[in-house]
1. Quick check: pseudo-label points 7 Å beyond the Cα along Cα→Cβ at GLU152 and ARG55, how many nm apart are they?
2. Quick one: putting +1 on the C-beta of Lys and Arg, -1 on the C-beta of Asp and Glu, what dipole do you get for the range 187-304 around its Cα centre, in Debye to the nearest 20?
3. Nearest 5 is fine: what % of DSSP beta bridges in the range 113-182 come out antiparallel, could you say?
4. Of PRO173, HIS196, VAL148, which is farthest along the charge dipole of the range 116-197 in the positive direction, counting Lys and Arg as +1 and Asp and Glu as -1 at C-beta?
5. Of the listed peptides 202-215, 49-62, what is their order by residue-averaged count of other C-beta atoms within 10 Å, with the highest listed first?
6. Please give the contour-minus-distance gain from VAL121 to ALA70: 0.36 nm per residue of separation, less the Cα-Cα distance, rounded to one decimal in nm.
7. Can you order the peptides 185-194, 226-235, 249-258 by their average number of other Cβ atoms within 10 Å per residue, highest first?
8. What's the Kirkwood radius of the range 150-305 in Å, using all Cα pairs?
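No lab work stands behind these numbers, since they all come straight from the coordinates. Everything numeric here is computed off the predicted structure, so don't read it as measured data. Every residue, glycine among them, receives a Cβ derived from its backbone with ideal geometry; neighbour counts consider all protein chains shown.
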Amino acid sequence: MTEPEDGAEATAEPEVEPAEDETAPANDDAVAEEVEGPRRRARREREARREAQTRAVAIEQARREAKRRAQGKSTEDAKPVGRGAVRGLRLMVWTVLLVVLFVGLGLLLYFTPIMAARNVVITGVGAVTQEEVIAAAAVKQGTPLLQVNTDEVAERVATIRRVATARVQREYPSTLRITVVERVPVVVKDFPDGSHLFDRDGVDFATAPPPPNLPYLEADNPGPNDPSTMAALEVMTALRPEVAGQVARVSAPSVASVTLTLVDGREVVWGTTDRTDEKAQKLAALLTQPGHTYDVSSPDLPTVK
């Protein structure tokens, strides 16, 4: 630009701004695509597809929920069944099937003779015969084992006088076992009809000749409810075997005056049943000393006369 001459107005030439390039954005996109590369372009396309798919699923769920609301159904009912619920349902089904199976098997064994009492095995008998036990048990052959009330059978067998206890067991498939414990005589007492045998519980369980060396009982009313009888039996069962074998007679006119008579004529003053075990120990030692009367009524001061 030239400076104006004097007297002349200076006019500035307008500056011409360059026109905007309308194709710039398109050219930028093309350049961006060329810079982006095929991998980035593929990743971008996948993300676009996932977004579109997620949007479509959300739209579909919204449409279904709107439809259910219109029909009056709760959205909670439409939740898919989880794996835990399916697993619990399967477990319940298997449990029901097993219960049905066991119940059916139990009914089959209870009402059919598949496992029936065909054999009766009796153990522990001596003076009692097997025929007595079978008759008292009263179990019909062929009865299903599950129908046999073992407690009732044992109670019936225990009614035999010589039987102290009885135990009944089922042995599958077809056996009923009865185990008997017989009463053991501890003392004997003579009655007009013969000799009566008494066990340690004071039960008069047999009228028969007594076993050898069985001591005789002297009591007014022998029996399990007689205190004097029970005192005498308590003393006899507390004695050591070698001492009990020497006793010929036990006298109990009262619970406080129990005395023993040995087979050789010696006498033992026992007194009450207090400290019975201690008295039995002292007596075993005293009998090694010569004498006729052995007094252990006071175990702290036993005497020999």
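1. It works out to 8.3 nm between the two label points.
2. I would put it at about 300 debye.
3. DSSP beta bridges in the range 113-182 are roughly 65 percent antiparallel.
4. Highest projection toward the positive end goes to PRO173.
5. With the highest mean Cβ count within 10 Å placed first, the list reads 202-215, 49-62.
6. Values: separation 51, 0.36 × 51 = 18.36 nm, distance 7.74 nm.
Residue separation times 0.36 nm, minus the Cα-Cα distance, leaves 10.6 nm.
7. By packing density, highest mean first, the sequence is 226-235, 249-258, 185-194.
8. On the way: mean 1/r = 0.0587 Å⁻¹.
One over the average 1/r among Cα pairs gives 17.0 Å for the range 150-305.
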